[in-house]
Amino acid sequence: MRVFVKLCLPIAILASCLPVHRVNTELIRIENHIQSEPGKALNELSGLSHDGFSRQDKSLYSLLYSMALDKNYIDVCTDSIIRPAVSYYPKHNDSYHSFLAYYYLGRVYENARDYENALASFINAEAYLSPTVPSDYAARLYLAKCRVYYWQFAMDKAIDEAKKAKHYSSELDNPSFYISSSLDIIRILHVENHFNEASVEFDSLGLWIKKSSASVPSNYYRLLLYQMTLGEDMEPDSLIRYHNLYLESCEKESKKPDDLLWASVLLASKEYEKALSVLQRIAPNPGSGAIDSIKYYYAASKVFEGLKDFDNYAYSVSQNRRLIEEMHLNVFKNDVRYLEERYQNQITREKQEREKRGLMILALVLFVSLSTVTVLSIIKHRAIKRELIEARGEYSIIREAIANSGESNQDIRQLLRDRQQALIPFFQDTPAKTIGRNDLSRIKSDNKEMLRNIGIVFSLSYPSFVSVLVQHGLNSEEIGLCALYASGFISKELSSVLESGSIYHINRSIREKLSDNLKGRTLPAWIRESLNSVAKES
């Protein structure tokens, strides 16, 4: 347990040292009412000092400020404000704020007409759609994607996004979302020349507006007039009446009326001169949108055809066709880019999933390793404890035996010291366990292990004499041979047990170490004399 505590203590200390930030309460309060009171939220954020904010607070501040600007119809075309939120939230597993950060980054790019980056941002936002994201924001996202695809002329994708927005809008209490998504579908069907489908959508939307008692926006009349101008034998009075309704709704919304729509109404009424006058006033420039330019040259070609001005008619037709071809080329390029972005986004998500799985596996390995170390430490601690208990028991037995032997403690200690000194070469020469197999094979060939065993037994019986031999530098095998000599054996008798070569080498080594003591005597004779003298002294 103590080992486990020691291992966990550094982790706990490290965790306690990590910085913990609480989100600024003022920012939380503003976030709670920014949807219902965007004007008030913008004023509060503008007057709020963000000096000393943590990174989390700065990220929330940048997100709320971007939201307030967008909700107050203040277009921002640079990403400097929203960038801190985009850099922070996707890395901190906050799907709701990550969605908002990418959505408002896309709105910034959309305001700047950077539709490529806008689409990439909206696709990133879509990856964070979850139940925590309100349905109105899901509808906003798909409406935004619809607009981007529309301006990129990817009409099939634009209408798909508009249908998704319509689905989410049907769940909301705000009718403007549903009307906007339905009108987007109608507008795209007009561009694609699917007028019958647009008429069905108009009828469905009209019934829904009547049932919900919602106010009719100007875009409804604008698209309705556009479809009416394409019909044949349309009564001018009916066109003028709906155009007046359109002008009234534009005035309520403080919106500038569409002059090209007025020219189309005059053209449908066969008032070619008046229509030409309007077209001359609103001639497209290089900054005009491609779709508006296509509509302009289509209307111009019809006016010049009605006026029998065939030169200008041919020019208008050629410009209309050129713009349509350019639009189709851009559609192809955008389709390719769309596939590349989706593929890259998928690669990024898969990489994040792999990193997440790797971290989980690493955490699991660390946990298992820590648990294993803890369990092994506990087992080792218990084993040591058992050994200590056994050692205490043995010590008690030894102490009791000493007390019953009648010997003095000093004599017993001297005997133990002599035996310990005598056994030193045997402990030192004991072969390591890793080479035990080699030792066994060697023992079979020369029986040197037998000499070691004899030496151990001899040292236990005559520790004082063996200590003298050890002092002269004899090893365990040499002590074993000396023990045989002391027992009365001679070299010839030992040749039947040991190889003669081994006896010769061991004898020569012993004589070299005892050369100063032999003084002309044979080795066996000196050993027996020395053993007797040591025995008498003890």
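Name the residue, out of Asn285, Asn312, Asn320, that is assigned to a helix (DSSP H, G or I) and closer than 27 Å to Arg147 by Cβ.
Numbers: Asn285 fails: assigned to a helix (DSSP H, G or I); Asn312 fails: closer than 27 Å to Arg147 by Cβ.
Asn320 is the lone residue from the list that is assigned to a helix (DSSP H, G or I) and closer than 27 Å to Arg147 by Cβ.
When the residues of segment 449-466 are narrowed to those that are among the small types (Gly, Ala, Ser) and buried (at least 19 other Cβ atoms within 10 Å of the Cβ), which ends up nearest to Glu512 (Cα to Cα)? So that I can check it myself, show each step before the final result.
Looking only at segment 449-466, we keep the residues that are among the small types (Gly, Ala, Ser), and these are 455, 459, 461, 464.
Those still in the list that are buried (at least 19 other Cβ atoms within 10 Å of the Cβ) too: 455, 459.
On the way: Gly455: 19, Ser459: 22 Å.
Among residues in segment 449-466 that are among the small types (Gly, Ala, Ser) and buried (at least 19 other Cβ atoms within 10 Å of the Cβ), the one nearest to Glu512 (Cα to Cα) is Gly455.
May I ask you to say which residue of Leu205, Leu230, Leu224 is at pLDDT 85 or above and surrounded by 13 or more Cβ atoms within 10 Å (Cβ to Cβ)? Explain how you work it out, then say what you get.
Numbers: Leu230 fails: at pLDDT 85 or above; Leu224 fails: at pLDDT 85 or above.
Being at pLDDT 85 or above and surrounded by 13 or more Cβ atoms within 10 Å (Cβ to Cβ) holds for just one of Leu205, Leu230, Leu224, which is Leu205.
Taking Ser293 as the residue in question, decide whether it is closer than 16 Å to His190 by Cβ, of a type outside the set (D, E, K, R) and assigned to a helix (DSSP H, G or I).
Numbers: closer than 16 Å to His190 by Cβ: yes; of a type outside the set (D, E, K, R): yes; assigned to a helix (DSSP H, G or I): yes.
The answer is yes for Ser293.
In the set Leu105, Leu141, Leu100, which member is farther than 21 Å from Lys58 by Cα, of a type outside the set (Gly, Ala, Ser) and at pLDDT 90 or above? Working first, answer last.
Working: Leu105 fails: farther than 21 Å from Lys58 by Cα; Leu100 fails: farther than 21 Å from Lys58 by Cα.
Only one candidate qualifies: Leu141.
Specify which of the listed residues (Lys163, Lys145, Lys157) is touching a residue at least 40 places away in the same chain (Cβ under 8 Å), on the phi < 0 side of the Ramachandran plot and assigned to a helix (DSSP H, G or I). So that I can check it myself, show each step before the final result.
Working: Lys163 fails: touching a residue at least 40 places away in the same chain (Cβ under 8 Å); Lys145 fails: touching a residue at least 40 places away in the same chain (Cβ under 8 Å).
None of the other options fit; the residue is Lys157.
Which of the residues belonging to segment 171-196 are surrounded by fewer than 20 Cβ atoms within 10 Å (Cβ to Cβ), within 41 Å of the chain's Cα centre (by Cα) and among the charged types (D, E, K, R)?
Those that are surrounded by fewer than 20 Cβ atoms within 10 Å (Cβ to Cβ), within 41 Å of the chain's Cα centre (by Cα) and among the charged types (D, E, K, R): Glu171, Asp173.
Report, by residue number, each residue of segment 302-336 that is surrounded by 18 or more Cβ atoms within 10 Å (Cβ to Cβ), among the hydroxyl-bearing types (Ser, Thr, Tyr) and within 58 Å of the chain's Cα centre (by Cα).
Answer for segment 302-336, where residues must be surrounded by 18 or more Cβ atoms within 10 Å (Cβ to Cβ), among the hydroxyl-bearing types (Ser, Thr, Tyr) and within 58 Å of the chain's Cα centre (by Cα): just Ser316.
So which residues in segment 82-95 are part of a loop (DSSP other than H, G, I, E, B) and modelled with pLDDT of 90 or more, if there are any at all?
From segment 82-95, those part of a loop (DSSP other than H, G, I, E, B) are 82, 93-94; that's our starting set.
Across segment 82-95, the qualifying residue is only Ile82.
Name the residue that is farthest from Thr229 (Cα to Cα), counting only residues in segment 262-301 that are among the hydroxyl-bearing types (Ser, Thr, Tyr) and exposed (fewer than 15 other Cβ atoms within 10 Å of the Cβ). Spell out the reasoning first.
We begin by selecting, within segment 262-301, every residue among the hydroxyl-bearing types (Ser, Thr, Tyr); these are 264, 269, 272, 277, 288, 293, 296-298, 301.
Restricting the remaining residues to those that are exposed (fewer than 15 other Cβ atoms within 10 Å of the Cβ) gives 277, 288.
On the way: Ser277: 18, Ser288: 22 Å.
Ranking the candidates gives Ser288 first.
Do the conditions hold for Ser95, that is, is it of a type in the set (S, T, N, Q), touching a residue at least 12 places away in the same chain (Cβ under 8 Å) and closer than 21 Å to Lys145 by Cβ?
yes
The values are calculated or read from the model by the stated rules, or taken from the named source; none is laboratory data. Quick caveat: nothing in here was measured; it's all calculated off a predicted structure. Quick reminder, even Gly has a Cβ in these numbers, built from the backbone with ideal geometry, and neighbours come from all protein chains shown.
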